[in-house]
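The structure appears right after this line, and notes come after that.
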Amino acid sequence: MIEKYFRPQNVEEALALLTDAQKDLTPLGGGTSVSRHQEAHHGVVDLQDTGLDQITVQGQRIKVGAMVRLNDLIGHKDIHPEIQRAIMIDASENIRNMATLGGWLVSSTGRSITSSVLLTLDTTLTWEPGNNKVRMGNWLPLREVDPPGILITEAKWWLRPHLAFEYVARSPKDKPILIVAVAQWGSGRTRVVLGGYGKMPIVAMDGTEDLGADVACRDAYSEASDEWATAQYRSDVAAKLALRCLERIDAIKESEV
Ligand SMILES: Cc1cc2nc3c(=O)[nH]c(=O)nc-3n(C[C@H](O)[C@H](O)[C@H](O)COP(=O)(O)OP(=O)(O)OC[C@H]3O[C@@H](n4cnc5c(N)ncnc54)[C@H](O)[C@@H]3O)c2cc1C
């Protein structure tokens, strides 16, 4: 049960509440996850009035406030169509209207396409207190044991890379059992992320070119067995989907010439 509710008007007020050890408060984004586990929360700090709901382009990157709702990313001109497609698959309309980017990143698992795609784009998170910038790939493995702060204020990712993902699910509305997301920069840098298994998506490859993406995927999921699929299946199919993503990116690049 939520015993105490605070609604600060800016980030400084929110931090003052959240860093007060005696109050024992938890950040509240859209509340879709927090409200399902009410017994765990003594009190919450609702972030909806803190101004963390802005989307701005800064050079080659886009900065998205932690309180931006998933639905606000849909149809936004600067949000890559593949990110929008990922959100549409991951979340129902009700969840999209409520869930925030910050809350999603904190609570989603390896089976989230949205989180996989944002990891592919080498997203950096800003944590407070301390204005601590942390790459998502460094944060995810430590998410539960050593968070770099109390509050995520924004996420920043690259705008320019070509991006494609492929996934496998038992039905269109089911959570994926395998996700492969590929981002390719103009320099040739190619970053491949796998999801659909475990607590978080993982980076299978981050290289200066795309050579070996299929082998990297095969290796990265060589032990990814659970009740939904065997490691043999995941690693075989991940290798094929990585090549399919690269073919799609090549086709996009050709159409731009
Ligand atoms: C019906 C339903 C279906 C779902 N399906 C899926 C699914 O298919 N795949 C999937 O991955 N997830 C799924 N989820 C979980 C979903 O990821 C979360 O419910 C949602 O994204 C949380 O977002 P929120 O803004 O509501 O966060 P909240 O519920 O407000 O918070 C979630 C957690 O994040 C913390 N938090 C929130 N904002 C911040 C911040 N700015 N900084 C630091 N910590 C913060 C909170 O303290 C809490 O621990 C589902 C949830 C529901 C209710």
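Taking the criterion of being closer than 17 Å to V168 by Cβ, of a type outside the set (D, E, K, R) and open to solvent by 70 Å² or more (accessible area, probe 1.4 Å), the only residue of the stretch 203-228 that qualifies is W228. Inspect the stretch 165-188 for any residue being closer than 30 Å to A14 by Cβ, aliphatic (A, V, I, L, M), in contact with a helix residue (DSSP H, G or I) (Cβ under 9 Å, 6 or more places away or on another chain) and modelled with pLDDT of 95 or more and give the result as yes or no. No, the stretch 165-188 contains no residue that is closer than 30 Å to A14 by Cβ, aliphatic (A, V, I, L, M), in contact with a helix residue (DSSP H, G or I) (Cβ under 9 Å, 6 or more places away or on another chain) and modelled with pLDDT of 95 or more. Taking the stretch 97-127 as the range and being hydroxyl-bearing (S, T, Y), in contact (Cβ under 8 Å) with a residue 24 or more places away in the chain, open to solvent by 10 Å² or more (accessible area, probe 1.4 Å) and within 9 Å of the ligand (Cβ to nearest atom) as the test, the residues that pass are S107, T109.
Within the stretch 128-140, restricting attention to residues that are of a type outside the set (D, E, K, R) and within 18 Å of L194 (Cα to Cα), the residue that is surrounded by the fewest Cβ atoms within 10 Å (Cβ to Cβ) is N138. Checked against (1) open to solvent by 20 Å² or more (accessible area, probe 1.4 Å); (2) without any contact (Cβ under 8 Å) to a residue 12 or more places away in the chain; (3) of a type in the set (A, V, I, L, M), A231 meets all criteria but (1).
Would a scan of the stretch 68-79 turn up a residue that is within 11 Å of the ligand (Cβ to nearest atom) and either surrounded by fewer than 18 Cβ atoms within 10 Å (Cβ to Cβ) or assigned to a loop (DSSP other than H, G, I, E, B) (or both)? Walk me through how you get there before you give the answer.
Pass one, the stretch 68-79, residues within 11 Å of the ligand (Cβ to nearest atom): 68-70.
This time we only want the ones that are either surrounded by fewer than 18 Cβ atoms within 10 Å (Cβ to Cβ) or assigned to a loop (DSSP other than H, G, I, E, B) (or both), so: 68.
Yes.
The values are calculated or read from the model by the stated rules, or taken from the named source; none is laboratory data. As the structure is a prediction and not an experimental result, all values here were calculated from the model. Neighbour counts run over all protein chains shown; Cβ positions are idealised from the backbone, glycine included. The protein model used for the area step is the full one, side chains on, heavy atoms only, and it has no ligands, DNA or RNA in it. Shrake-Rupley method; radii C 1.70, N 1.55, O 1.52, S 1.80 Å.
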